[in-house]
1. Kindly provide the set of residues from the range 89-106 that are within 13 Å of the chain's Cα centre (by Cα), at pLDDT below 85 and of a type in the set (Val, Ile, Thr), ordered by number.
2. Select from the range 44-88 the residues that are over 14 Å from the mean Cα position of the chain (by Cα), surrounded by 11 or more Cβ atoms within 10 Å (Cβ to Cβ) and hydrophobic (A, V, I, L, M, F, W, C) and list them in ascending order.
3. Are any residues in the range 1-10 touching a residue at least 12 places away in the same chain (Cβ under 8 Å), open to solvent by less than 80 Å² (accessible area, probe 1.4 Å) and not basic (Lys, Arg), and if so, which ones?
4. Starting from the range 62-91, take each residue that is within 22 Å of ASP10 (Cα to Cα) and list its partners that are open to solvent by 70 Å² or more (accessible area, probe 1.4 Å) and part of a helix (DSSP H, G or I), counting only C-beta distances under 6 angstrom and pairs at least six apart or across chains.
5. Would you confirm, using the coordinates I've provided, whether ASP26 is within 21 Å of MET79 (Cα to Cα), charged (D, E, K, R) and either more than 19 Å from the chain's Cα centre (by Cα) or surrounded by 14 or more Cβ atoms within 10 Å (Cβ to Cβ) (or both)?
Amino acid sequence: EAGGYEGMRDMVERLRAIDFIPAVHDNYRDYYTDAATYNENQAQVHHDGSFVWQNCWAGGMQRKLCAKLALPYIRRNYMKLKKHGAMPDGVYIDVFSITKLDIGSG
């Protein structure tokens, strides 16, 4: 809806052309239940087995992605951006420090 890879590539090129640094705001904790890749088995759970629920962002209902699983999503997404020529020059990865700490047995 926002332009896909072609739109992202166009934005990156236009920003570079006017000497701006193309950067994105990214997030690997908010785990939207209507996402095509949503998998309940990757969602964070409380010690009693219940899910962490939130609905505070425009994206809709979400759970929290298990923090241990963020890196594969980061790699996947940035490899796709690179493949499509839409790689930004910077990124702010949000929510790792603003959400409650994960406490568990590791």
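1. So in the range 89-106, the residues within 13 Å of the chain's Cα centre (by Cα) come out as 91-96.
With the extra rule that they be at pLDDT below 85, the set shrinks to 93-96.
Within the range 89-106, ILE93, VAL95 qualify.
2. VAL45, PHE51, VAL52, TRP53, MET61, ALA86, MET87
3. Correct list: MET8 only.
4. HIS84/TYR5; GLY85/ARG9; ALA86/TYR5; ALA86/ARG9
5. On the way: within 21 Å of MET79 (Cα to Cα): yes; charged (D, E, K, R): yes; either more than 19 Å from the chain's Cα centre (by Cα) or surrounded by 14 or more Cβ atoms within 10 Å (Cβ to Cβ) (or both): yes.
Yes: the conditions hold for ASP26.
Table: residues versus (1) free of Cβ contacts under 8 Å to residues at least 40 places away in the same chain; (2) under 24 Å from LYS64 (Cβ atoms).
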residue	(1), (2)
ALA17	yes, no
ASP26	no, yes
ASN39	yes, yes
GLN42	yes, yes
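The values are calculated or read from the model by the stated rules, or taken from the named source; none is laboratory data. What you see is a predicted model; the values in this text were computed from it and never measured. Glycine also receives a Cβ, built like all others from the backbone with ideal geometry; neighbour counts cover every protein chain displayed. We work out accessible area using only protein heavy atoms, side chains counted, and drop any ligands, DNA or RNA first. Shrake-Rupley method; radii C 1.70, N 1.55, O 1.52, S 1.80 Å.
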